[in-house]
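Visitor: Dropping the structure in here first, questions after.
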């Protein structure tokens, strides 16, 4: 490698680091004390990669995709879009079980159609390419990627791209294909499991609930909560902390309103 080529590579690396410094240390507080205090940064760190995994051994999710994890991801993406007043790029495989995004449903989770762009790719390799390119585009608030498999090398590339562009990445992977904890070089790893909706006094369904576990967190410890999303009030609540794999349905809810 020539001396001039080495200098150019070093110059490009410095430029990427300077670009990352725009969001270095920046966070998005979720407004839920129990969750924010469990994160070493006091909220969701920006300009890095986060992994969201679906539920284990859930036949419904194996057939239709990680619906609960997708909902939680959409909620985070909506908050990021509002925080930066910028659009979200959502990358997925065309024609697969992942290609089932429903704009009105995303809007109920705080991600309106005007803030989302969808990129449909041929396979996982193209999805990862779209995700990486999007993460290098500072004009985006976040980039979501739905893939069946993502290894350590791909995760490292995405993490570096997020740092270079200052854009937050959300990698959504089915549970059965996610690999061992920590297999993707993400700053945090969340596992989302569907649970029965909140009880109501009338015929119908109550607010959506998920068991959300923070399985991996740099400089932090694992934790878990039962969360409730009320699309009528745009409020996210902590119903209870998870202990031994179960939530306490009698726990006091702490609300976060949009």
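Visitor: Any idea which residue in the stretch 242-258 is modelled with the highest pLDDT, counting only those that are surrounded by 15 or more Cβ atoms within 10 Å (Cβ to Cβ) and in a strand (DSSP E or B)?
Guide: So the residue we want is 242.
Visitor: Moving on to the next point. Output yes when any residue across the stretch 145-164 is closer than 14 Å to residue 73 by Cβ and in a strand (DSSP E or B), and no when none is.
Guide: The answer is yes, given that some residue of the stretch 145-164 is closer than 14 Å to residue 73 by Cβ and in a strand (DSSP E or B).
Visitor: Report yes if residue 131 is crowded, with 20+ Cβ neighbours inside 10 Å and either in a helix (DSSP H, G or I) or modelled with pLDDT of 95 or more (or both), otherwise no.
Guide: Here the answer is yes, as residue 131 does meet what is asked.
Visitor: Suppose we keep only residues that are surrounded by fewer than 21 Cβ atoms within 10 Å (Cβ to Cβ) and in contact with a helix residue (DSSP H, G or I) (Cβ under 8 Å, 6 or more places away or on another chain) within the stretch 213-231. Which one would you say is nearest to residue 108 (Cα to Cα)?
Guide: 231
Visitor: Would you mention how many residues in the stretch 93-115 are buried (at least 22 other Cβ atoms within 10 Å of the Cβ) and outside any loop (DSSP other than H, G, I, E, B)?
Guide: Residues meeting the conditions: 1.
Visitor: Let me ask something else about it. Do you know which of the residues in the stretch 62-74 that are closer than 29 Å to residue 28 by Cα and either more than 17 Å from the chain's Cα centre (by Cα) or surrounded by fewer than 23 Cβ atoms within 10 Å (Cβ to Cβ) (or both) is modelled with the lowest pLDDT?
Guide: 65
Visitor: Another question about this same structure. Would you mind stating whether residue 198 is within 15 Å of the chain's Cα centre (by Cα) and at pLDDT below 90?
Guide: Against the criterion (within 15 Å of the chain's Cα centre (by Cα) and at pLDDT below 90), residue 198 does not qualify.
Visitor: Are any residues in the stretch 90-132 farther than 27 Å from residue 235 by Cβ and in contact with a helix residue (DSSP H, G or I) (Cβ under 8 Å, 6 or more places away or on another chain), and if so, which ones?
Guide: Residues satisfying the conditions are 91, 92, 93, 97, 119, 121, 128, 131, 132.
Visitor: Of all the residues that make up the stretch 97-113, how many are farther than 15 Å from residue 75 by Cα and over 17 Å from the mean Cα position of the chain (by Cα)?
Guide: 3
Visitor: Right, another one. Taking residue 81, is it modelled with pLDDT of 95 or more, part of a helix (DSSP H, G or I) and crowded, with 20+ Cβ neighbours inside 10 Å?
Guide: Here the answer is yes, as residue 81 does meet what is asked.
Visitor: Ok, one more. How many residues are under 17 Å from residue 173 (Cα atoms), surrounded by fewer than 16 Cβ atoms within 10 Å (Cβ to Cβ) and touching a helix residue (DSSP H, G or I) at 6+ places or on another chain (Cβ under 9 Å) when one looks only at the stretch 134-160?
Guide: Summing the residues that are under 17 Å from residue 173 (Cα atoms), surrounded by fewer than 16 Cβ atoms within 10 Å (Cβ to Cβ) and touching a helix residue (DSSP H, G or I) at 6+ places or on another chain (Cβ under 9 Å) in the stretch 134-160 gives 1.
Visitor: Let me ask you something else. Give the residue that is modelled with the lowest pLDDT, with candidates limited to residues of the stretch 165-184 that are assigned to a loop (DSSP other than H, G, I, E, B) and closer than 17 Å to residue 129 by Cβ.
Guide: For the stretch 165-184, the residue satisfying everything is 184.
The values are calculated or read from the model by the stated rules, or taken from the named source; none is laboratory data. Not measured: the values here are computed from a predicted model. When we count neighbours, we look across all protein chains shown, and the Cβ atoms used for this are built from the backbone with ideal geometry, even at glycine.
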